[in-house]
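The values are calculated or read from the model by the stated rules, or taken from the named source; none is laboratory data. Keep in mind the model is a prediction, meaning the values are calculated, not measured. Glycine gets a Cβ as well: all are built from the backbone with ideal geometry, and neighbour counts include every protein chain shown. Just so you know, the surface numbers come from the protein's heavy atoms only, side chains and all, with ligands and any DNA or RNA stripped out. Shrake-Rupley method; radii C 1.70, N 1.55, O 1.52, S 1.80 Å.
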Amino acid sequence: MSTDVAPAAGDLSERPYPTRFRAGGERNRRLGRPLKLVGRVKGVDEALLDRIGRAMLERDELGGRLADAIRLRAGADGRVRMDQFRQALEGGLDAVADAPPALRAFFEELETDPDWLDRDLVEEGARVFRRLGQNAQDVLLQLSLVGGYRFGGPTDLLVATGGLTGGQTLRRLAETQKWGASLTDPGSLLPPRAGQAPGEGWRLTVHVRLMHALVNHAFEDTWDTAQWGLPINQADQASTLGLFDGVLIIGSRALGVPVSSADSRALMHLWKYVGWLMGVHADFLVDDEWERHRIDYHVLLAQGPMTDAGPQLARAVVDAQALRRYPGWPGPLQALRARYERERLLSMLTVFLGAESMREFGLPMRPPWAHAYLVGLNTLRYRVLCHLPGGRDRLAAWGGRRAQWLLDTYFQGDQEDVGELRA
(Lines give C-alpha, C1' and ligand atoms only; values in the text may rest on other atoms or scores of the structure.)
Protein backbone atom coordinates (compact mmCIF):
# COMPACT_ATOMS: atom_id res chain seq x y z
CA MET A 1 0.00 0.00 0.00
CA SER A 2 1.30 3.43 -0.92
CA THR A 3 2.78 5.74 1.67
CA ASP A 4 4.02 8.16 -0.97
CA VAL A 5 1.09 10.56 -0.91
CA ALA A 6 1.21 13.99 -2.48
CA PRO A 7 0.36 16.96 -0.27
CA ALA A 8 -3.13 18.21 -1.01
CA ALA A 9 -4.30 21.79 -1.10
CA GLY A 10 -6.17 23.14 1.91
CA ASP A 11 -6.47 21.78 5.44
CA LEU A 12 -7.08 18.10 4.78
CA SER A 13 -4.90 16.71 7.56
CA GLU A 14 -7.91 15.54 9.56
CA ARG A 15 -9.99 14.35 6.62
CA PRO A 16 -8.82 11.27 4.67
CA TYR A 17 -11.12 11.71 1.66
CA PRO A 18 -12.31 14.51 -0.63
CA THR A 19 -15.99 15.39 -0.29
CA ARG A 20 -16.97 13.76 -3.58
CA PHE A 21 -16.05 10.36 -2.11
CA ARG A 22 -19.25 8.25 -2.01
CA ALA A 23 -21.36 11.36 -2.60
CA GLY A 24 -23.25 9.61 -5.43
CA GLY A 25 -25.23 7.60 -2.88
CA GLU A 26 -28.17 5.54 -4.13
CA ARG A 27 -27.68 6.66 -7.74
CA ASN A 28 -24.28 5.01 -7.82
CA ARG A 29 -25.60 1.81 -6.29
CA ARG A 30 -28.34 1.76 -8.92
CA LEU A 31 -25.89 2.36 -11.78
CA GLY A 32 -23.60 -0.31 -10.37
CA ARG A 33 -26.15 -3.13 -10.19
CA PRO A 34 -25.43 -4.52 -13.69
CA LEU A 35 -21.69 -4.57 -12.96
CA LYS A 36 -22.27 -6.20 -9.61
CA LEU A 37 -24.32 -8.93 -11.26
CA VAL A 38 -22.20 -9.53 -14.36
CA GLY A 39 -18.94 -9.09 -12.45
CA ARG A 40 -19.97 -11.58 -9.73
CA VAL A 41 -19.28 -9.06 -6.98
CA LYS A 42 -20.32 -10.52 -3.63
CA GLY A 43 -20.76 -7.38 -1.57
CA VAL A 44 -19.20 -4.12 -0.38
CA ASP A 45 -15.64 -4.25 0.95
CA GLU A 46 -15.21 -1.22 3.22
CA ALA A 47 -11.42 -1.66 3.33
CA LEU A 48 -11.27 -1.45 -0.47
CA LEU A 49 -13.50 1.63 -0.47
CA ASP A 50 -11.21 3.24 2.10
CA ARG A 51 -8.19 2.50 -0.13
CA ILE A 52 -9.95 4.11 -3.11
CA GLY A 53 -10.92 7.15 -1.07
CA ARG A 54 -7.37 7.73 0.12
CA ALA A 55 -6.08 7.19 -3.42
CA MET A 56 -8.04 10.28 -4.48
CA LEU A 57 -5.36 12.25 -2.63
CA GLU A 58 -2.42 10.35 -4.11
CA ARG A 59 -0.61 11.04 -7.36
CA ASP A 60 1.94 9.33 -9.57
CA GLU A 61 5.00 10.46 -7.63
CA LEU A 62 7.62 9.28 -10.13
CA GLY A 63 5.94 11.19 -12.93
CA GLY A 64 5.30 14.09 -10.58
CA ARG A 65 8.98 14.48 -9.77
CA LEU A 66 9.80 14.57 -13.47
CA ALA A 67 7.12 17.19 -14.10
CA ASP A 68 8.46 19.27 -11.22
CA ALA A 69 11.95 19.11 -12.74
CA ILE A 70 10.65 20.13 -16.18
CA ARG A 71 8.91 23.16 -14.69
CA LEU A 72 12.02 24.47 -12.92
CA ARG A 73 13.31 27.79 -14.21
CA ALA A 74 16.05 27.76 -16.82
CA GLY A 75 19.45 27.17 -15.29
CA ALA A 76 18.08 25.67 -12.07
CA ASP A 77 19.92 22.65 -10.70
CA GLY A 78 18.23 19.40 -11.77
CA ARG A 79 16.05 21.00 -14.44
CA VAL A 80 14.90 18.68 -17.25
CA ARG A 81 14.36 20.10 -20.71
CA MET A 82 11.60 18.76 -22.95
CA ASP A 83 14.10 18.00 -25.68
CA GLN A 84 15.93 15.73 -23.20
CA PHE A 85 12.68 13.94 -22.43
CA ARG A 86 12.01 13.45 -26.14
CA GLN A 87 15.51 12.11 -26.71
CA ALA A 88 15.02 9.54 -23.95
CA LEU A 89 11.54 8.71 -25.24
CA GLU A 90 12.79 8.03 -28.75
CA GLY A 91 16.15 6.40 -28.04
CA GLY A 92 16.24 5.42 -24.40
CA LEU A 93 18.05 6.96 -21.45
CA ASP A 94 21.45 6.23 -23.02
CA ALA A 95 20.61 8.74 -25.75
CA VAL A 96 20.73 11.61 -23.23
CA ALA A 97 24.17 12.79 -22.17
CA ASP A 98 24.40 13.71 -18.47
CA ALA A 99 20.71 13.02 -17.87
CA PRO A 100 19.33 14.99 -14.89
CA PRO A 101 18.40 12.88 -11.82
CA ALA A 102 14.61 13.09 -12.27
CA LEU A 103 14.83 12.04 -15.92
CA ARG A 104 17.23 9.23 -15.09
CA ALA A 105 15.02 7.89 -12.29
CA PHE A 106 11.92 8.00 -14.50
CA PHE A 107 13.37 6.15 -17.48
CA GLU A 108 15.47 3.71 -15.46
CA GLU A 109 12.27 2.42 -13.90
CA LEU A 110 10.23 2.28 -17.09
CA GLU A 111 12.96 0.67 -19.19
CA THR A 112 13.24 -2.17 -16.65
CA ASP A 113 10.55 -4.86 -16.87
CA PRO A 114 8.68 -5.48 -13.61
CA ASP A 115 9.25 -8.92 -12.10
CA TRP A 116 5.70 -10.06 -12.83
CA LEU A 117 5.75 -9.18 -16.53
CA ASP A 118 5.24 -11.96 -19.11
CA ARG A 119 6.16 -10.52 -22.51
CA ASP A 120 4.64 -13.46 -24.40
CA LEU A 121 1.34 -12.90 -22.60
CA VAL A 122 1.46 -9.19 -23.44
CA GLU A 123 1.86 -10.08 -27.12
CA GLU A 124 -1.04 -12.53 -26.90
CA GLY A 125 -3.14 -9.81 -25.28
CA ALA A 126 -2.32 -7.52 -28.21
CA ARG A 127 -3.47 -10.21 -30.65
CA VAL A 128 -6.74 -10.67 -28.75
CA PHE A 129 -7.25 -6.90 -28.68
CA ARG A 130 -6.64 -6.71 -32.43
CA ARG A 131 -9.16 -9.50 -33.13
CA LEU A 132 -11.85 -7.53 -31.35
CA GLY A 133 -11.67 -4.98 -34.16
CA GLN A 134 -14.37 -2.34 -34.14
CA ASN A 135 -16.09 -4.00 -31.19
CA ALA A 136 -13.24 -2.80 -28.98
CA GLN A 137 -13.51 0.73 -30.35
CA ASP A 138 -17.28 0.75 -29.82
CA VAL A 139 -16.98 -0.38 -26.22
CA LEU A 140 -14.12 1.99 -25.38
CA LEU A 141 -15.94 4.98 -26.88
CA GLN A 142 -19.44 4.32 -25.62
CA LEU A 143 -19.30 2.30 -22.42
CA SER A 144 -15.85 3.38 -21.22
CA LEU A 145 -15.43 6.98 -22.34
CA VAL A 146 -18.99 8.32 -22.40
CA GLY A 147 -20.00 6.04 -19.53
CA GLY A 148 -17.27 7.64 -17.45
CA TYR A 149 -18.88 11.05 -17.93
CA ARG A 150 -21.64 10.11 -15.49
CA PHE A 151 -19.53 11.22 -12.52
CA GLY A 152 -17.92 14.51 -11.55
CA GLY A 153 -14.22 15.17 -11.06
CA PRO A 154 -12.29 13.88 -14.07
CA THR A 155 -14.98 15.28 -16.36
CA ASP A 156 -14.57 18.74 -14.86
CA LEU A 157 -10.81 18.52 -15.37
CA LEU A 158 -11.34 17.58 -19.03
CA VAL A 159 -13.46 20.68 -19.51
CA ALA A 160 -10.93 22.83 -17.64
CA THR A 161 -8.09 21.62 -19.87
CA GLY A 162 -10.15 21.92 -23.05
CA GLY A 163 -10.11 18.16 -23.57
CA LEU A 164 -12.93 16.60 -25.61
CA THR A 165 -14.87 19.84 -25.94
CA GLY A 166 -15.41 22.25 -28.79
CA GLY A 167 -13.09 22.02 -31.75
CA GLN A 168 -10.69 19.75 -29.86
CA THR A 169 -13.14 16.85 -29.66
CA LEU A 170 -12.25 15.21 -32.96
CA ARG A 171 -8.51 15.47 -32.39
CA ARG A 172 -8.72 14.07 -28.88
CA LEU A 173 -10.80 11.13 -30.05
CA ALA A 174 -8.31 10.55 -32.86
CA GLU A 175 -5.40 10.58 -30.44
CA THR A 176 -7.10 8.06 -28.21
CA GLN A 177 -7.88 5.85 -31.20
CA LYS A 178 -4.28 6.09 -32.40
CA TRP A 179 -2.91 5.16 -28.98
CA GLY A 180 -5.28 2.20 -28.59
CA ALA A 181 -4.53 0.92 -32.09
CA SER A 182 -0.79 1.14 -31.44
CA LEU A 183 -1.10 -1.32 -28.54
CA THR A 184 -2.20 -4.08 -30.91
CA ASP A 185 0.94 -4.01 -33.08
CA PRO A 186 3.54 -6.77 -32.50
CA GLY A 187 6.36 -5.54 -30.28
CA SER A 188 4.70 -2.15 -29.82
CA LEU A 189 5.15 -2.20 -26.04
CA LEU A 190 8.84 -3.04 -26.05
CA PRO A 191 11.01 -0.44 -24.29
CA PRO A 192 14.23 0.90 -25.82
CA ARG A 193 16.98 -1.72 -25.59
CA ALA A 194 20.66 -1.57 -26.57
CA GLY A 195 20.22 1.39 -28.87
CA GLN A 196 17.00 0.06 -30.38
CA ALA A 197 14.06 2.47 -30.44
CA PRO A 198 11.00 1.64 -28.32
CA GLY A 199 7.73 0.42 -29.80
CA GLU A 200 5.12 3.02 -30.65
CA GLY A 201 2.72 1.84 -27.96
CA TRP A 202 5.42 2.14 -25.28
CA ARG A 203 6.41 5.59 -26.49
CA LEU A 204 2.86 6.97 -26.64
CA THR A 205 1.93 5.51 -23.25
CA VAL A 206 4.98 6.98 -21.52
CA HIS A 207 4.34 10.33 -23.19
CA VAL A 208 0.78 10.38 -21.88
CA ARG A 209 2.09 9.61 -18.37
CA LEU A 210 4.20 12.76 -18.45
CA MET A 211 1.29 14.81 -19.81
CA HIS A 212 -0.83 13.67 -16.87
CA ALA A 213 1.94 14.66 -14.45
CA LEU A 214 2.24 18.09 -16.07
CA VAL A 215 -1.52 18.62 -15.74
CA ASN A 216 -1.27 17.79 -12.04
CA HIS A 217 1.60 20.25 -11.69
CA ALA A 218 -0.34 22.99 -13.48
CA PHE A 219 -3.63 22.54 -11.60
CA GLU A 220 -2.73 21.39 -8.08
CA ASP A 221 -2.50 24.90 -6.61
CA THR A 222 -5.88 26.05 -7.99
CA TRP A 223 -7.86 22.81 -8.18
CA ASP A 224 -10.56 22.19 -5.55
CA THR A 225 -8.69 19.30 -3.97
CA ALA A 226 -10.94 19.28 -0.93
CA GLN A 227 -13.89 18.44 -3.18
CA TRP A 228 -12.34 16.39 -6.01
CA GLY A 229 -9.03 15.06 -4.76
CA LEU A 230 -5.88 15.73 -6.77
CA PRO A 231 -6.47 16.63 -10.44
CA ILE A 232 -5.21 13.30 -11.82
CA ASN A 233 -5.14 11.00 -8.83
CA GLN A 234 -4.56 7.31 -8.26
CA ALA A 235 -8.25 6.47 -7.76
CA ASP A 236 -9.17 8.04 -11.08
CA GLN A 237 -6.19 6.35 -12.73
CA ALA A 238 -7.47 3.02 -11.40
CA SER A 239 -10.94 3.87 -12.71
CA THR A 240 -9.56 4.64 -16.17
CA LEU A 241 -7.60 1.40 -16.28
CA GLY A 242 -10.72 -0.54 -15.33
CA LEU A 243 -12.60 1.09 -18.20
CA PHE A 244 -9.92 -0.17 -20.58
CA ASP A 245 -9.61 -3.76 -19.37
CA GLY A 246 -12.57 -5.08 -17.37
CA VAL A 247 -15.23 -2.96 -19.06
CA LEU A 248 -13.75 -3.81 -22.47
CA ILE A 249 -14.25 -7.52 -21.75
CA ILE A 250 -17.80 -7.13 -20.44
CA GLY A 251 -18.80 -4.84 -23.29
CA SER A 252 -17.34 -7.11 -25.96
CA ARG A 253 -19.29 -10.07 -24.58
CA ALA A 254 -22.44 -7.94 -24.63
CA LEU A 255 -21.85 -7.45 -28.36
CA GLY A 256 -21.78 -11.20 -28.94
CA VAL A 257 -17.99 -11.65 -28.93
CA PRO A 258 -16.86 -14.74 -26.98
CA VAL A 259 -13.96 -13.87 -24.67
CA SER A 260 -12.49 -17.06 -23.21
CA SER A 261 -10.69 -17.24 -19.89
CA ALA A 262 -7.38 -17.45 -21.78
CA ASP A 263 -8.27 -14.38 -23.86
CA SER A 264 -9.36 -12.56 -20.72
CA ARG A 265 -6.11 -13.37 -18.96
CA ALA A 266 -4.06 -12.12 -21.91
CA LEU A 267 -6.03 -8.89 -22.23
CA MET A 268 -5.79 -8.24 -18.52
CA HIS A 269 -2.02 -8.77 -18.55
CA LEU A 270 -1.65 -6.42 -21.52
CA TRP A 271 -3.51 -3.67 -19.69
CA LYS A 272 -1.77 -4.41 -16.40
CA TYR A 273 1.53 -3.55 -18.09
CA VAL A 274 0.01 -0.48 -19.76
CA GLY A 275 -1.33 0.62 -16.37
CA TRP A 276 2.10 0.13 -14.83
CA LEU A 277 3.66 2.28 -17.57
CA MET A 278 1.00 4.92 -16.90
CA GLY A 279 1.91 5.09 -13.22
CA VAL A 280 -1.12 3.32 -11.73
CA HIS A 281 -0.38 2.17 -8.19
CA ALA A 282 0.37 -1.52 -7.67
CA ASP A 283 -2.73 -1.87 -5.47
CA PHE A 284 -4.88 -1.42 -8.57
CA LEU A 285 -2.88 -3.52 -11.06
CA VAL A 286 -4.48 -6.96 -11.42
CA ASP A 287 -4.37 -9.89 -13.83
CA ASP A 288 -7.68 -11.43 -12.84
CA GLU A 289 -10.79 -10.22 -14.63
CA TRP A 290 -13.06 -10.83 -11.68
CA GLU A 291 -10.84 -8.94 -9.27
CA ARG A 292 -10.94 -6.04 -11.73
CA HIS A 293 -14.74 -6.11 -11.77
CA ARG A 294 -14.71 -6.05 -7.97
CA ILE A 295 -12.40 -3.03 -7.93
CA ASP A 296 -14.45 -1.31 -10.66
CA TYR A 297 -17.66 -1.79 -8.67
CA HIS A 298 -16.12 -0.17 -5.61
CA VAL A 299 -14.63 2.64 -7.69
CA LEU A 300 -18.13 3.31 -9.02
CA LEU A 301 -19.57 3.41 -5.49
CA ALA A 302 -16.85 5.87 -4.50
CA GLN A 303 -17.78 8.44 -7.16
CA GLY A 304 -19.64 11.69 -6.73
CA PRO A 305 -22.72 12.77 -8.70
CA MET A 306 -22.72 13.95 -12.29
CA THR A 307 -21.79 17.59 -12.88
CA ASP A 308 -22.56 19.92 -15.78
CA ALA A 309 -19.36 18.74 -17.45
CA GLY A 310 -20.82 15.27 -18.12
CA PRO A 311 -23.60 16.26 -20.52
CA GLN A 312 -21.30 18.78 -22.22
CA LEU A 313 -18.71 16.10 -22.95
CA ALA A 314 -21.24 13.44 -23.96
CA ARG A 315 -22.98 15.71 -26.44
CA ALA A 316 -19.61 16.78 -27.88
CA VAL A 317 -18.81 13.14 -28.68
CA VAL A 318 -22.18 12.66 -30.40
CA ASP A 319 -21.84 15.91 -32.35
CA ALA A 320 -18.32 14.93 -33.46
CA GLN A 321 -19.77 12.22 -35.72
CA ALA A 322 -20.75 14.95 -38.17
CA LEU A 323 -17.15 16.20 -38.30
CA ARG A 324 -15.61 12.86 -39.27
CA ARG A 325 -14.69 12.15 -42.91
CA TYR A 326 -15.50 8.64 -44.09
CA PRO A 327 -13.03 7.07 -46.55
CA GLY A 328 -14.68 5.38 -49.50
CA TRP A 329 -17.81 7.52 -49.33
CA PRO A 330 -18.19 10.20 -52.04
CA GLY A 331 -18.66 13.79 -50.96
CA PRO A 332 -22.43 13.98 -51.53
CA LEU A 333 -22.93 10.92 -49.29
CA GLN A 334 -20.66 12.02 -46.41
CA ALA A 335 -23.56 13.67 -44.57
CA LEU A 336 -25.65 10.52 -44.95
CA ARG A 337 -22.90 8.35 -43.47
CA ALA A 338 -22.40 10.84 -40.65
CA ARG A 339 -26.12 10.66 -39.85
CA TYR A 340 -25.93 6.86 -39.81
CA GLU A 341 -22.93 6.94 -37.44
CA ARG A 342 -24.73 9.34 -35.11
CA GLU A 343 -27.83 7.16 -34.98
CA ARG A 344 -25.71 4.04 -34.51
CA LEU A 345 -23.88 5.69 -31.62
CA LEU A 346 -27.12 6.79 -29.95
CA SER A 347 -28.59 3.29 -30.36
CA MET A 348 -25.59 1.68 -28.70
CA LEU A 349 -25.39 4.31 -25.94
CA THR A 350 -29.04 3.68 -25.11
CA VAL A 351 -28.33 -0.01 -24.51
CA PHE A 352 -24.96 0.37 -22.82
CA LEU A 353 -25.85 3.27 -20.50
CA GLY A 354 -29.61 2.93 -20.02
CA ALA A 355 -32.49 5.37 -20.02
CA GLU A 356 -31.51 7.15 -16.81
CA SER A 357 -28.06 8.11 -18.08
CA MET A 358 -29.38 9.14 -21.50
CA ARG A 359 -31.84 11.49 -19.80
CA GLU A 360 -29.11 12.91 -17.59
CA PHE A 361 -26.93 13.58 -20.62
CA GLY A 362 -29.81 15.15 -22.51
CA LEU A 363 -29.34 12.65 -25.34
CA PRO A 364 -32.23 11.15 -27.34
CA MET A 365 -32.82 7.43 -26.88
CA ARG A 366 -32.96 5.07 -29.83
CA PRO A 367 -34.15 1.47 -30.36
CA PRO A 368 -31.44 -1.20 -29.91
CA TRP A 369 -31.04 -1.94 -33.62
CA ALA A 370 -27.26 -1.50 -33.60
CA HIS A 371 -26.74 -4.07 -30.87
CA ALA A 372 -29.10 -6.47 -32.61
CA TYR A 373 -27.21 -6.51 -35.90
CA LEU A 374 -23.80 -6.56 -34.19
CA VAL A 375 -24.65 -9.55 -32.01
CA GLY A 376 -25.71 -11.49 -35.11
CA LEU A 377 -22.69 -10.42 -37.11
CA ASN A 378 -20.28 -11.20 -34.28
CA THR A 379 -21.86 -14.60 -33.75
CA LEU A 380 -21.10 -15.42 -37.37
CA ARG A 381 -17.57 -14.00 -37.23
CA TYR A 382 -16.39 -15.32 -33.88
CA ARG A 383 -18.33 -18.55 -33.46
CA VAL A 384 -18.35 -19.81 -37.05
CA LEU A 385 -15.84 -18.18 -39.40
CA CYS A 386 -13.19 -17.89 -36.70
CA HIS A 387 -13.05 -21.68 -36.39
CA LEU A 388 -12.47 -22.30 -40.09
CA PRO A 389 -8.88 -22.85 -41.32
CA GLY A 390 -7.06 -19.52 -41.09
CA GLY A 391 -10.13 -17.90 -39.56
CA ARG A 392 -8.36 -16.33 -36.58
CA ASP A 393 -5.72 -14.77 -38.81
CA ARG A 394 -8.35 -13.35 -41.15
CA LEU A 395 -10.28 -11.99 -38.18
CA ALA A 396 -7.14 -10.30 -36.83
CA ALA A 397 -6.42 -8.81 -40.26
CA TRP A 398 -9.98 -7.54 -40.48
CA GLY A 399 -9.66 -6.03 -37.00
CA GLY A 400 -6.50 -4.19 -38.00
CA ARG A 401 -8.03 -2.84 -41.22
CA ARG A 402 -11.16 -1.75 -39.42
CA ALA A 403 -9.19 0.03 -36.72
CA GLN A 404 -7.21 1.91 -39.37
CA TRP A 405 -10.38 2.90 -41.22
CA LEU A 406 -11.90 4.23 -38.01
CA LEU A 407 -8.72 6.14 -37.26
CA ASP A 408 -8.79 7.71 -40.71
CA THR A 409 -12.34 8.96 -40.10
CA TYR A 410 -11.23 10.89 -37.03
CA PHE A 411 -7.95 12.35 -38.28
CA GLN A 412 -8.30 15.36 -40.52
CA GLY A 413 -4.56 15.96 -40.83
CA ASP A 414 -1.21 14.21 -40.48
CA GLN A 415 -1.44 11.25 -38.11
CA GLU A 416 2.24 11.52 -37.29
CA ASP A 417 1.66 14.57 -35.11
CA VAL A 418 -0.11 12.34 -32.60
CA GLY A 419 3.38 11.88 -31.13
CA GLU A 420 2.76 15.21 -29.41
CA LEU A 421 -0.15 13.78 -27.45
CA ARG A 422 -1.58 16.14 -24.90
CA ALA A 423 -3.20 15.24 -21.61
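Computed over the chain with a Gaussian network model linking Cα atoms closer than 10 Å, the most mobile of Trp202, Trp271, Trp369 is Trp369. Taking every DSSP helix (H) stretch of at least 4 residues in the chain, weighting each as -39,500 (n - 2.57) and dividing the sum by the residue count yields a mean residue ellipticity at 222 nm of -18500 deg cm²/dmol.
With the largest listed first and rounded to whole Å, the semi-axes of the equivalent ellipsoid of the chain from the Cα gyration tensor are 32, 27, 22. Taking 0.36 nm per residue of separation and subtracting the current Cα-Cα distance, fully stretching the chain between Ala218 and Gln196 would add 4.6 nm.
Of the Cα atoms belonging to region 149-281, the radius of gyration and Dmax stand at 16.3, 47 Å. Once backbone amide H atoms are built at 1.01 Å from N, Gly199 has Leu190 as its partners under 5 Å, excluding neighbours fewer than 5 places away on the same chain.
By definition, a body whose alpha carbon gyration tensor gives a ≥ b ≥ c is oblate when a/c is 1.5 or more and a/b is not larger than b/c, and region 95-198 fits this oblate description. The relative contact order of region 252-365, computed from alpha carbon pairs under 8 Å that lie at least 6 residues apart in sequence, is 18 percent. Distances between placed amide hydrogens fall under 5 Å for Val80 paired with Ile70, Leu72, all partners being 5 or more residues away or on another chain.
Extension gain, Leu37-Arg401: 0.36 nm per intervening residue step, less the Cα-Cα distance, totals 127.6 nm.
Applying the Karplus relation 6.51 cos²θ - 1.76 cosθ + 1.60 with θ = phi - 60° to region 19-29 yields 3J(HN,Hα) values of 5, 5, 4, 6, 6, x, x, 5, 4, 5, 5 Hz, where x marks Gly and Pro. Shown for the chain: the carbon plus sulfur share of the solvent-accessible area, taken with all protein chains present and a 1.4 angstrom probe, equals 54%.
Here r is the Cβ-Cβ distance between Gln227 and Arg392 and R0 is 45 Å; the resulting FRET efficiency, rounded to 0.05, is 0.40. In whole percents, the pair-distance distribution calculated for region 263-353 from its alpha-carbon pairs, binned every 10 Å from zero, is 13, 26, 27, 26, 7, 0. Under the rule a/c < 1.5 gives rounded, and otherwise a/b versus b/c splits prolate from oblate, where does region 12-126 land using the Cα gyration tensor? Verdict is oblate for region 12-126.
Calculated accessible area for the chain comes out at 42 Å² per residue, all protein chains present (probe 1.4 Å; ligands, DNA, RNA ignored). Converting phi to 3J(HN,Hα) with the Karplus coefficients 6.51, -1.76 and 1.60 and the offset θ = phi - 60°, region 379-387 yields 4, 5, 5, 9, 10, 10, 4, 4, 8 Hz in sequence order, with x at every glycine or proline.
Rounded to the nearest Hz, the phi-derived 3J(HN,Hα) couplings of region 352-366 under the Karplus curve 6.51 cos²θ - 1.76 cosθ + 1.60 (θ = phi - 60°) are 5, 9, x, 5, 4, 5, 4, 5, 4, 6, x, 9, x, 7, 9, where x marks glycine and proline.
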